[in-house]
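Structure record follows, encoded as structure tokens.
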Amino acid sequence: MPGEEASRARLPLLVAVVLIVGVHFAGRVGAFCSPIHADSYAYGTVGYRLAQGEVFYRDVSDVKPPGLYFLYALFYAFLPAGRVTMIPADTLFGLLGYWAVFLLGRDLYGRSVGVVVAVMAALIVNFFIVMDFITDAFGLAEAFMIFPLAMAARSYLRGTTGTRGAPFLWCGLWLGMAFAIKQTALPLAGAIALHWTARWVARQSSFGCWLRGARSMLVGMVIAVMPMVIMVVAQGTWRRALELLGPAAAGMLARESAWPTQWSYVLPLWVPLVWCVLAIIWWAERGVRSRRVASVAPGDLTFLLVWCAAECVMLVYLPLRAFHYYVLSSLPVVILSGAFWKLLMETLRNHARRVMVCGVAAAAVFSMAFVRLIPDMIVPAAIARYRLYDATADRAHFEKVLSLKINTFGAPPPPPKAD
């Protein structure tokens, strides 16, 4: 019956949603209760101080844009001091991030593969957050940037397949939102600029077409960052902001490197990387041997590969080897890996239904045998940390950091005023 078929079709989606929420919950508990007392206290206390009337880039500074700090300040304007106030913002943007990854995966490969990509993204993101050995990784910028970056990539790819300029404007808006949080939105912005230019050259289209798309994206970025610009100009801190966001931030690059020197550092990426390699080989083989156009567009595949390369370059220059840096770099890998499932289902579609079901199930079981290592590490860590968590000590440490009145977080102090 149609009702029963619809119910059966919704069941996998419901299971995926429950799994994503469960993994997200375990990951956030593991990060919030981390024995490492580091970045989340800095983000929280700065947000609270801004809510109390202090001025960013004057009373407190960082080499990052103020977007995330202003967001926390908004929550602290209505909620009490303490890290607990950070939970609603972190949870909201985390869930929005998985939703955006699903939408991007759905646009590229269809609804079923979009669900697979979203589940894999949730597992990988929370692994890198919970298992970070440098910081507590709770409430950091990377978790907030998944949403705008995935939406920016989605809008850009929509713009390349149509004639309307609105998707490019939205792409710029999402990119600007990401840049307002942290400069590590640069790899995606660079990948979009390179791919859009290469596409224009390869298709020998008019310069006006390229210019309209580029202009729309630039306008969107300006609109998104304009509130931040107006605020620093009105507060008279724009010179200090330019110094910190430019030379001071660039000076931190290449101090060390975030590039993983061991395969164990990127354990959750093993399966998606295998999927990516198989998908690329499969896609190329179909195009050369059978001369059939696969349902995965070459432009989409090329863009994701360029994005992967740009993220790899960024990892080489980031100043610290920390797992939370891999959150954003894993995004194009996870999204690209969905091409394997799309090609698999496309190949098996011409066979009997039981053949298709058995083939997809075999690939899924084989993958889950290795993916199972991720929740096997996240969940016990979250449970152990929750049992050792002391809310009183957490509150006391937050108040201690707040009382220290630290004025620079990764930023050089302002030059002394002339007498």
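The values are calculated or read from the model by the stated rules, or taken from the named source; none is laboratory data. Keep in mind the model is a prediction, meaning the values are calculated, not measured. Every residue, glycine among them, receives a Cβ derived from its backbone with ideal geometry; neighbour counts consider all protein chains shown. Protein only, heavy atoms only, side chains kept; ligands, DNA and RNA dropped before computing areas. Shrake-Rupley method; radii C 1.70, N 1.55, O 1.52, S 1.80 Å.
Estimated from helices alone, the mean residue ellipticity of the chain at 222 nm is -24000 deg cm²/dmol (sum of -39500 (n - 2.57) over DSSP H runs with n ≥ 4, per residue). When the square roots of the Cα gyration tensor eigenvalues are ordered a ≥ b ≥ c, the ratio a/c for the range 162-311 is 1.5 or more and a/b does not exceed b/c, which makes its shape oblate. Sparsely packed loop sites in the range 1-106 (the trypsin sites (Lys or Arg not before Pro) outside DSSP H, G, I, E and B with at most 16 other Cβ atoms within 10 Å) comprise R58.
Remark: the F25-L388 segment gains 129.0 nm on full extension, using 0.36 nm per residue and subtracting the alpha carbon distance.
Which net charge results when you count Lys and Arg as +1 and Asp and Glu as -1 among the other residues whose beta-carbon is under 12 Å from that of A166?
Combined, the nearby Lys, Arg, Asp and Glu give +3.
Only Lys, Arg, Asp and Glu carry charge here, each on its Cβ (+1 for the first two, -1 for the last two); on that basis the range 119-265 has a dipole of about 740 debye about its Cα centre.
Label-to-label distance, H351 versus A77, with points set 7 angstrom from Cα along the beta-carbon direction: 5.9 nm. Largest GNM mean-square fluctuation across R372, R353, R154, computed for the chain with C-alpha springs under 10 Å, falls on R353. Just to be sure I understand: with springs between alpha-carbon atoms less than 10 Å apart, which residue in V357, V306, V116 has the highest mean-square fluctuation in the Gaussian network model of the chain? In this elastic network of the chain, the residue with the biggest mean-square fluctuation among V357, V306, V116 is V357.
Taking the accessible area of the range 176-256, probe 1.4 Å, and keeping the other protein chains in place, the carbon and sulfur fraction comes to 71%. Per-residue extension of 0.36 nm, minus the Cα-Cα distance of F370 and L211, leaves a gain of 52.7 nm for this segment. Charge tally around L244: other residues with Cβ under 12 Å, Lys/Arg +1 each, Asp/Glu -1 each, net +2. Net charge in the neighbourhood of G105 (other residues with Cβ under 14 Å of its Cβ; Lys, Arg +1, Asp, Glu -1) is +3. Pick out which of A185, A363, A42 has the largest mean-square fluctuation in a Gaussian network model of the chain, springs linking Cα atoms closer than 10 Å. Evaluated over the chain, the most mobile residue of the options is A363.
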